[in-house]
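All remarks here apply to the structure that follows.
Here, each number is a calculation from the coordinates, and none is a lab measurement. No experiment lies behind these values; they were computed from the predicted model shown. No Cβ is skipped: glycine too gets one built from the backbone with ideal geometry, and neighbour counts run over all protein chains shown.
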Amino acid sequence: MTSIEYKNNQLHIEKLNIQEITNSNQTPFYCYSASYIENQYDELHSAFDMDIKIFYAMKANSNLSIIKLLLNKGSGIDVVSGGEIQRSISAGAKGKDIIYSGIGKTDEELKYAIESKIHCINIESQSELIRINDLSKSLGVKQNIAIRINPDVDAKTHIKITTGKAENKFGIEFDYAKSMYNIASDLKNINISGISVHIGSQITSLKPFKKAYTIIYDMIEDLRNNGHKIDHVDLGGGLGVSYSAEENIPTFKEYANLIQSIFGNSNIKVYIEPGRLMVANSGLLITKVIDIKTTTQKTFIIVDAGMNDFIRPTLYGSYHEILPVKNNLGTSNKIYDIVGPICETGDYFAKNRKMNSVKIGSLIAIKSVGAYGSVQSSNYNSRPQIAEILVKDDKYEIIRDRVEVKDLIKQEKIATWL
Ligand SMILES: Cc1ncc(COP(=O)(O)O)c(C=O)c1O
């Protein structure tokens, strides 16, 4: 689905001219297409000929409206912290809708998760398992768990978002997994519900998925043969999205077919936890050109968004298409670096990029920022976090207010002895 396109040289998101949003909202800001996200959910879900439950990985974009929109579609939510549990409940999720993944869960977070009656906790270590048992005992309940397996599979993605290799901090080592299930089955306040795996993010080939899922399939057989009841398999997220027209990403159907070919006859509930896939291409970061500076080596387009607003290009070296909102100044042969105002050389959105002409005051749109964009923003350089806007058809609403500098200052105190 294309929800972002030019009409009469004006960039639109759904039926809304972006220029219209900027008339009454200060740049920079994020804006997302609601219909795009709804459509992604529907297309992914309907690609499967088997029963499947989607748990949206809210770490990708945790705005309450985005969570609510996906809950309304029937999605569950995959969380990785107590804060994310609180957020998803605030958006209307019930405990049964929530799966808790992630390493380094504190006792406080686990207690909150158990009290919230969440559907399942994915276990990352033996001590975590024991702590959950102890906490569940003190609360007089039995908690559903799945053990997250580290299958030692290279997802062939960026090193910082690879999670399924033996050297990574995530999951239980394959050779140790069976004894973990034996330990879990002896714990009175633990109910073994399933098994989980997540090998990384922005994975653009089905091969690593096939390898990891086959390992998990074999393990399920083995565990069942040893008397363990495995009701569900949680296959994590990770299917990549195209950030540029050249990228060749497996289709939803190919991904679904792979999962069906492995687990279709296993009499097991299948869960997936996509994050990026649901939201990445729904979003734009709209920013204004503050200055254009030409040196002997470069021409810099300096915009009012910075790496504090959107860190992916400098953190992961990620590529994002960048377009003028008003495409009326014609083509340019110039090569630009598009940079922010932060005092770091790493503060850039694109290097050596060709784009149509812009001038000081022009608005530009950075594409594919709906996932791992706003959620990774900070207040670095005392630049308060920016607004988020949700668009549906020709209407929009602000779904997160812009923070003000005075709000940042309010959180701090001058020590009494100063
Ligand atoms: C456990 C788990 N599930 C799901 C996801 C979502 O991944 P993605 O956004 O690539 O679909 C992540 C992110 O890395 C994760 O850690």
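Could you give the angle, 0 to 90 degrees to the nearest 10, between helix 207-225's Cα long axis and the longest principal axis of the Cα atoms of the chain? Taking the Cα atoms of the chain, the angle to 207-225 is about 20 degrees.
Label-to-label distance, Asp407 versus Ser382, with points set 7 angstrom from Cα along the beta-carbon direction: 1.8 nm. Protection proxy ranking of 357-369, 392-404, by the mean of other Cβ atoms within 10 Å over each peptide's residues and highest first, is 357-369, 392-404. Annotation: lysines with alpha-carbon distance below 17 angstrom to Lys269 (same-chain offsets under eight excluded): Lys53, Lys96, Lys229.
How large is Rg over Rh for the chain, taking Rg from the Cα atoms and Rh as the Kirkwood inverse mean of 1/r across Cα pairs? Radius of gyration relative to Kirkwood radius: 1.00. Packing, taken as the mean count of other beta carbons within 10 Å per residue, orders the peptides 77-86, 327-336 from highest to lowest as 77-86, 327-336. Compute the angle between helix 174-186 and the longest alpha-carbon principal axis of the chain, please, reported from 0 to 90 degrees and rounded to the nearest 10. The answer is roughly 60 degrees. Packing order of peptides 106-112, 37-43, 295-301, highest average first: 37-43, 106-112, 295-301 (average count of other Cβ atoms within 10 Å over each peptide's residues). Among Ile114, Ile183, sorting on how many other beta-carbon atoms sit within 10 Å of each Cβ, with the fewest leading, yields Ile183, Ile114. With a threshold of 26 Å on the Cα-Cα distance, the over-threshold entries among Lys68/Lys367; Lys351/Lys395; Lys160/Lys211; Lys111/Lys207 are Lys351/Lys395; Lys111/Lys207. Panel order for Glu273, Glu247, by other beta carbons found within 10 Å of each beta carbon, from fewest to most: Glu247, Glu273. Using 0.36 nm per residue and subtracting the Cα-Cα separation, the extra length available between Phe300 and Lys395 on full extension is 30.8 nm.
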